[in-house]
Every structure is written in structure tokens, then in C-alpha cells.
Amino acid sequence: MHYPDLAAYDYLPEEHFTDREPPFGDVSFRPAYARLAVGWLAAGRPYPVGPVPAALTRRLAVIGAVQRVNLCLGYHECDLCPPGQRPPEGNGELRVPGAPGVAYAAPVLIGHYVTGHGYRPPPEFVAAVLAVDVDAWSRSRWPELPFPWIPADAKYWDWTVE
Ligand SMILES: [Zn+2]
């Protein structure tokens, strides 16, 4: 799947966040925020390259470790890696809050695109990632999710056996 950077993300109408530890609760909702696509790179499509702050890749790795968004899409391999090299896989997406009412929607492979392929995301996305309180997100535990804009009417599915 390919989106130009900052195009409207419209692949799935609902958002699905999954707990990152067993027993894997799940929450779904229709987002009240707009979703802007970032980092949906594909072979044969040009993308911007250039230097990025070192903190960007570290923070993308943390966010990718604590958020599990829209996992139902299955694994996606990097198709920019040359043939014969075993490309990394990524399952799911990231959500990074931007300006009020706007969240950036990126594939989890975006960190690999930056480090492995020189991809330079849009500056507003870089600023949004650097603004994330990754320490607080890392400490959050279900049903508190590492993303601030989960609506009150979201549907929670908790697999915990009492
Ligand atoms: Zn690659």
C-alpha cells in the first residue's frame, strides 16, 4: 500500500489498538481526529531522503514497541530492500498526535525506512514524534493506552479471565 506523505489515511474506517502484553485486550473506535499518512513507501515510488535527528529513530523504536495499532493487516515486508537480502517485517501501524485533531498514521516499518533507506519524513511529523512523552507511553498499562485521543465511547474487549 502506498500513500504520498501527508495524504489522508483512509484504509480502515476504525482504529484498533491492541494491548501489548498478554492477555491482549483490544479497543476499537471511529477516530474523531484526522489521520495523515506518513512513511507509506513502496518500490518504484520516489520518496524524500536526507538527514534526520538521531533521536527520531530511537523514539520511533519506542513507539513501535508500545503501540499496537491495526494489527489485523498482517505482516508486511520492506520491498525497498534489495533482492537476496532478508528484509524486516512489520505488523501494524503507529499513531502520533500532531496538531489538535490531527494524528499521523505510519507503518511500523517507518523506523527501518529512516535507518535503512535514508527516508526523511515531513518536518511536522518529526516534530510530533520528538514531542511524544515516550517515558509516559512506556509506563502505560492496559487499559491505559499509549495514545491520548481514545474516545470515551470506545469499545473495549478484555480477554482477562477472572
Ligand atoms: Zn528495507
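The values are calculated or read from the model by the stated rules, or taken from the named source; none is laboratory data. Quick caveat, the model's predicted, so the values are computed rather than measured. Quick reminder, even Gly has a Cβ in these numbers, built from the backbone with ideal geometry, and neighbours come from all protein chains shown. What goes into the accessible areas is simple: the full protein's heavy atoms, side chains included, and nothing from ligands, DNA or RNA. Shrake-Rupley method; radii C 1.70, N 1.55, O 1.52, S 1.80 Å.
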Quick one: length gained pulling Lys155 to Ala54 fully straight, 0.36 nm per residue minus the C-alpha distance? 32.7 nm
Taking R0 as 25 Å and r as the Cβ-Cβ distance between Leu12 and Ala99, the FRET efficiency 1/(1 + (r/R0)^6), rounded to the nearest 0.05, comes to 0.70
Cα principal axis extents for the stretch 78-162, largest first, Å: 48, 35, 22
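What percentage of the solvent-accessible surface of the stretch 1-123, computed with a 1.4 Å probe over protein heavy atoms, is contributed by carbon and sulfur atoms? Can you show the working numbers first?
Values: 3340 of 5880 Å².
Carbon and sulfur atoms account for 57 percent of the accessible area of the stretch 1-123.
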For Pro87, what is the net charge nearby, where nearby means another residue's Cβ is under 12 Å from its Cβ and Lys, Arg count +1, Asp, Glu -1? -2
The stretch 15-148 pair-distance distribution - Cα-Cα, 10 Å bins, rounded %: 12, 44, 35, 10, 0
In sequence order, what are the phi-derived ³J(HN,Hα) couplings for the stretch 63-71 according to the Karplus relation 6.51 cos²θ - 1.76 cosθ + 1.60 with θ = phi - 60°, rounded to whole Hz, with x for glycine and proline? 4, x, 7, 9, 9, 10, 10, 6, 5
